[in-house]
Amino acid sequence: MEAISSITARSLTRASFIRVRLPRAVISSQQSRAQPPWRSKRSFQTSTKLWREVQATDKSGSKIYPSADEAVADLKSGSIVLSAGFGLCGTAETLLTAMHRRGPQSLNDLTAVSNNAGTAIGGGLSPLVESGQVSRAICSFLGNNKSLEKKYLSGEIAIELTPQGTLAEKLRCGGAGIPAFFTPTGVNTYIQTGQIPARLKSGEVIEPGKPRETRIFDGRVHNMETAIKGDVAVLRAWKVDEYGNCKFRYTTKSFAPLMAKAAKIAIVEAENIVKAGEITPDEIDLPGIFIDRVVQATENKIIEMKTVKDPNKDPEAEAKENPALQRRNRIAKRASKELKPGMYVNLGVGMPTLAADFLPANSNVWLQSENGIMGMGPYPTADEIDADIINAGKETVTLVTGAATFDSSDSFGMIRGGHIDVSMLGALQVGANGDLANYMIPGKVFKGMGGAMDLVSNPDATKIVILTDHVDKSGRPKIVQNCSLPLTGAKVVSTIITDLCVFQVDRKKGGLTLTELAPGVEVEEIKQKTGAKFEVSESLKEMEQ
C-alpha cells in the first residue's frame, strides 16, 4: 500500500460549539452517607490476551462514589478504556477529565476504544490523546482531529480503523460472551486485506493492519471479526439510581450500553443521581448489573456542531449567485425523487442530507441516522437545540412525531439486515461495475470510513444511490471504469446522480446506462467527462426536477 504521508479532512461548516449547563443533581441524604463503595467493589487490572477471572464481590451496597477522581484512582496504565459517545454527544467528560488529571506519569499506555478518538475542538478523548496517555485508538472516524493525525503520522499512536457498525457489534459480542462473528461489512476492502496501517513513522509502515479470515455463507463472502472487551468503560447517562440503573436521553445511548456491558468495570457519570424507584422498571435503558460505579457529572456538555435552520431560507434563491450550490441542489433535488412515501432511508453526511430539503411536506419518508435515530427531522431553531439530539454529522437536529432512538447495535442491525430501503452516500470514485470508494485517498485523505462500509453491506436489500459532482476540483472524472482508490464496497451501487446526469448501474454484469441528462447537457459532454464506458438509454430523458 502506498504510504500515507498526510491527512486532510472536511473542514467544519456551519459549526460552533457551546457548553450546556447541567441540571442540579438529586441525591438523597442516605446515598451521601453510603458506605464508601471502593472498599468492596472490583478494582482495575490491566488486560492481557486472556479475559482474566474477576473475583465475586458484594454488590449489595450503594455504587455511588464521592468524586470522579476517586472512581478512576485505581485505573492502571496499559488498560483498555471503552469511551462511550458519538462525537461529543454522550461522552463522559467528567470521568475523562479526571483521567487526564492523573497525568501521563500516573496513567499512560492506554488503548482507547471509541467511535471518535477526540475532536478538532477538544472534549472526549482529545485531552488524553494530546497528553500522550493514549498509545492506541480503535475507532471508526478520525475526522479533522489534527493532533491525532500528527501523532499517527509520527508513530506516537497506533490507530485501528474499524467500520462503525462492526465496532458496535464487536462491543456487543464482547459483553454477550461471543468471541467472534462473521459480517459482510468490509469485504473486498482494505479492512479484509489488512492494508490500512495501524502505525506509521516518517511515512513508513511499522505496524501493518490485520487481515481478516473469511468464510462463505449463503453464497457471500464474510469477514471474521473478534469481540472487544475492556478493563473499564466510561459513559454518561441522564438519570442513574443508587443501584446503577441508567436512563439515557436520545442519541446519547449510541455506544453507552454496549460499552458498559463489554467492560470489567463500568463507571457512569450521571447528570441526575436519583433514589431507587424513581426510574421505573420500564424506563431503564441499562440495568444496574452492568454498572459498578456512579459519580455525579460536573463537566458541562459540549455541542460539537451547533446547526440551526433559517425559517426564511429558500434553497433555490440562495443558490442563484452560487454555482457550486446550484450543482448541489440539482443533485439533491433529483435524489429526492428516489424517496417514496413509507420508505426508510439513510442519508449520508454531506450532500445526501440536502435531499431532505426537497421532500414534499408530509412525505412520510422515515430518515435514519446511524448514530441511533429513526425519524430524524430538520435542523432546530435556536430555541429547539438539544445537545442530546444530533445526526451522523454531529449536527444538532430534531425528531419528527413517531421517531425512535436506539443504540448503535440496533442501528446497524437495521442497516446490515436490509431493513433500510435506500441509502444515499457521497463518493470520491464510482466504478462502472458499482464499486464505491469514498473514505480514503492514500497520501492525502484518511479520515475514516465511519458507517459507510456498513451502509453498503447489503446492496441486494438496500438500494445504494450515490450523489456526487461529475468531476473533482481538478476536473478529473469521478465515474471511472475501475476504481483506483481503496474501496468502501465492491459492486454495491445501483444509481449514480451527478450535476450532469443520472446513470443506472448493472451490478451483476457490470456496466453503466445513461438514463437522464441535466437541462442543457449533451451526451457528448458526458462522454468527455466520464472515465468509463456507458450505454445510452433508448428512453433518455431530461433529469427530473
note = Taking region 489-512 and keeping residues open to solvent by 30 Å² or more (accessible area, probe 1.4 Å) and either farther than 17 Å from residue 452 by Cβ or among the polar types (S, T, N, Q) (or both) leaves 504, 506, 507, 508, 509, 510
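Give me the strands (runs of 3 or more DSSP E) completely within region 187-271, filtered to those with at least 2 residues that are surrounded by 21 or more Cβ atoms within 10 Å (Cβ to Cβ) and modelled with pLDDT of 95 or more, ordered by residue number. Working first, answer last.
Values: elements: 199-201, 204-207, 214-217, 220-226, 230-241.
Here the list reads 220-226, 230-241.
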key: Residue that is nearest to residue 459 (Cα to Cα), among those in region 309-325 that are touching a residue at least 40 places away in the same chain (Cβ under 8 Å) and surrounded by fewer than 16 Cβ atoms within 10 Å (Cβ to Cβ)   = 315
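For region 409-428, indicate whether the set of residues that are among the acidic types (Asp, Glu) and either without any contact (Cβ under 8 Å) to a residue 40 or more places away in the chain or closer than 22 Å to residue 330 by Cα (or both) is non-empty.
Going residue by residue through region 409-428, those that are among the acidic types (Asp, Glu) are 410, 421.
Subsequent filtering for residues that are either without any contact (Cβ under 8 Å) to a residue 40 or more places away in the chain or closer than 22 Å to residue 330 by Cα (or both) retains 410.
Yes, region 409-428 has at least one match.
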request  = Read through the list (1) part of a loop (DSSP other than H, G, I, E, B); (2) in contact (Cβ under 8 Å) with a residue 12 or more places away in the chain; (3) not aliphatic (A, V, I, L, M), then give the number of the only condition that residue 473 fails.
outcome  = (2)
request  = Sort through 330, 334 and tell me the only one that's touching a residue at least 12 places away in the same chain (Cβ under 8 Å), among the basic types (Lys, Arg) and in contact with a strand residue (DSSP E or B) (Cβ under 6 Å, 6 or more places away or on another chain).
outcome  = 334
note = Residue count, region 370-390, condition under 19 Å from residue 310 (Cβ atoms) and small (Gly, Ala, Ser), comes to 2
remark   = Considering residues that are open to solvent by less than 80 Å² (accessible area, probe 1.4 Å) and part of a loop (DSSP other than H, G, I, E, B), the number found within region 522-545 is 5
request  = Residue by residue through region 425-451, note down the ones that are within 18 Å of the chain's Cα centre (by Cα), of a type in the set (Gly, Ala, Ser) and in a strand (DSSP E or B).
outcome  = 437
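One line per residue, one yes/no per condition, for (1) surrounded by fewer than 24 Cβ atoms within 10 Å (Cβ to Cβ); (2) more than 26 Å from residue 84 (Cα to Cα):
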{"site": "386", "(1), (2)": "yes, no"}
{"site": "401", "(1), (2)": "yes, yes"}
{"site": "404", "(1), (2)": "yes, no"}
{"site": "412", "(1), (2)": "no, no"}
{"site": "417", "(1), (2)": "yes, no"}
{"site": "444", "(1), (2)": "yes, yes"}
{"site": "454", "(1), (2)": "no, no"}
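Looking at region 219-241, is at least one residue polar (S, T, N, Q) and touching a residue at least 60 places away in the same chain (Cβ under 8 Å)? Even if it seems obvious, please write down each step before you answer.
Taking region 219-241 as the starting set, the residues that turn out to be polar (S, T, N, Q) are 223, 226.
Right, trim to touching a residue at least 60 places away in the same chain (Cβ under 8 Å) and you get none.
Checked region 219-241: no residue is polar (S, T, N, Q) and touching a residue at least 60 places away in the same chain (Cβ under 8 Å).
Restricting to region 366-380, what's the tally of residues that are in a loop (DSSP other than H, G, I, E, B), open to solvent by 10 Å² or more (accessible area, probe 1.4 Å) and in contact with a strand residue (DSSP E or B) (Cβ under 7 Å, 6 or more places away or on another chain)? Please lay out each step first, then the result.
Residues of region 366-380 in a loop (DSSP other than H, G, I, E, B): 370-372, 377-380.
If we keep only those that are open to solvent by 10 Å² or more (accessible area, probe 1.4 Å) too, we end up with 370, 377-379.
So of that shortlist, the ones also in contact with a strand residue (DSSP E or B) (Cβ under 7 Å, 6 or more places away or on another chain) come out as 370, 377, 379.
Adding up the residues that qualify gives 3.
Let me confirm something: among 135, 154, 140, which residue is among the hydroxyl-bearing types (Ser, Thr, Tyr), under 24 Å from residue 93 (Cα atoms) and open to solvent by 10 Å² or more (accessible area, probe 1.4 Å)?
Numbers: 154 fails: under 24 Å from residue 93 (Cα atoms); 140 fails: open to solvent by 10 Å² or more (accessible area, probe 1.4 Å).
Step by step, each of 135, 154, 140 is checked, and only 135 is among the hydroxyl-bearing types (Ser, Thr, Tyr), under 24 Å from residue 93 (Cα atoms) and open to solvent by 10 Å² or more (accessible area, probe 1.4 Å).
Residues that are farther than 30 Å from residue 140 by Cβ and open to solvent by 40 Å² or more (accessible area, probe 1.4 Å): does region 471-478 have at least one? Give the derivation first.
Taking region 471-478 and keeping what is farther than 30 Å from residue 140 by Cβ, we get 475.
Next cut, open to solvent by 40 Å² or more (accessible area, probe 1.4 Å) only: 475.
Yes, that holds for at least one residue.
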key: Identity of the residue in region 80-106, under 23 Å from residue 155 (Cβ atoms) and surrounded by fewer than 24 Cβ atoms within 10 Å (Cβ to Cβ), that ends up farthest from the chain's Cα centre (by Cα)   = 105
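Checking the conditions here, which among 175, 165 is open to solvent by 10 Å² or more (accessible area, probe 1.4 Å), touching a Phe, Trp or Tyr at 6+ places or on another chain (Cβ under 8 Å) and outside any loop (DSSP other than H, G, I, E, B)? So that I can check it myself, show each step before the final result.
Working: 165 fails: open to solvent by 10 Å² or more (accessible area, probe 1.4 Å).
The conditions single out 175.
Report, by residue number, each residue of region 299-308 that is touching a helix residue (DSSP H, G or I) at 6+ places or on another chain (Cβ under 9 Å), among the charged types (D, E, K, R) and open to solvent by 40 Å² or more (accessible area, probe 1.4 Å).
Applying the first criterion (touching a helix residue (DSSP H, G or I) at 6+ places or on another chain (Cβ under 9 Å)) to region 299-308 yields 299-302.
After this cut, where a residue has to be among the charged types (D, E, K, R) as well, the list is 299, 301.
If the condition is that a residue be touching a helix residue (DSSP H, G or I) at 6+ places or on another chain (Cβ under 9 Å), among the charged types (D, E, K, R) and open to solvent by 40 Å² or more (accessible area, probe 1.4 Å), then 299 is the only one that fits.
Please find, among 361, 403, 355, the residue that is farther than 20 Å from residue 165 by Cα, of a type in the set (A, V, I, L, M) and in a strand (DSSP E or B). Working first, answer last.
On the way: 361 fails: in a strand (DSSP E or B); 355 fails: in a strand (DSSP E or B).
Every option except 403 fails the conditions.
Only one of 519, 486 is part of a loop (DSSP other than H, G, I, E, B) and open to solvent by 30 Å² or more (accessible area, probe 1.4 Å); which? Explain how you work it out, then say what you get.
Values: 486 fails: open to solvent by 30 Å² or more (accessible area, probe 1.4 Å).
When all the criteria are applied, what remains is 519.
Only one of 417, 413 is touching a His at 6+ places or on another chain (Cβ under 9 Å) and not β-branched (Val, Ile, Thr); which?
Details: 417 fails: touching a His at 6+ places or on another chain (Cβ under 9 Å).
Going through 417, 413 in turn, the sole match is 413.
Restricting attention to region 328-350, report how many residues are at pLDDT below 90 and at negative phi. Write out each step before concluding.
Narrowing region 328-350 to residues at pLDDT below 90: 349-350.
Those left that are additionally at negative phi: 349.
The total comes to 1.
The values are calculated or read from the model by the stated rules, or taken from the named source; none is laboratory data. Predicted, not measured: the structure shown is a model, and the values here were computed from it. Cβ: placed from backbone, ideal geometry, glycine included. Neighbour counts: every protein chain shown. Ligands, DNA and RNA are stripped out before the accessible areas are found, and what is left, the full protein with its side chains, is counted by its heavy atoms. Shrake-Rupley method; radii C 1.70, N 1.55, O 1.52, S 1.80 Å.
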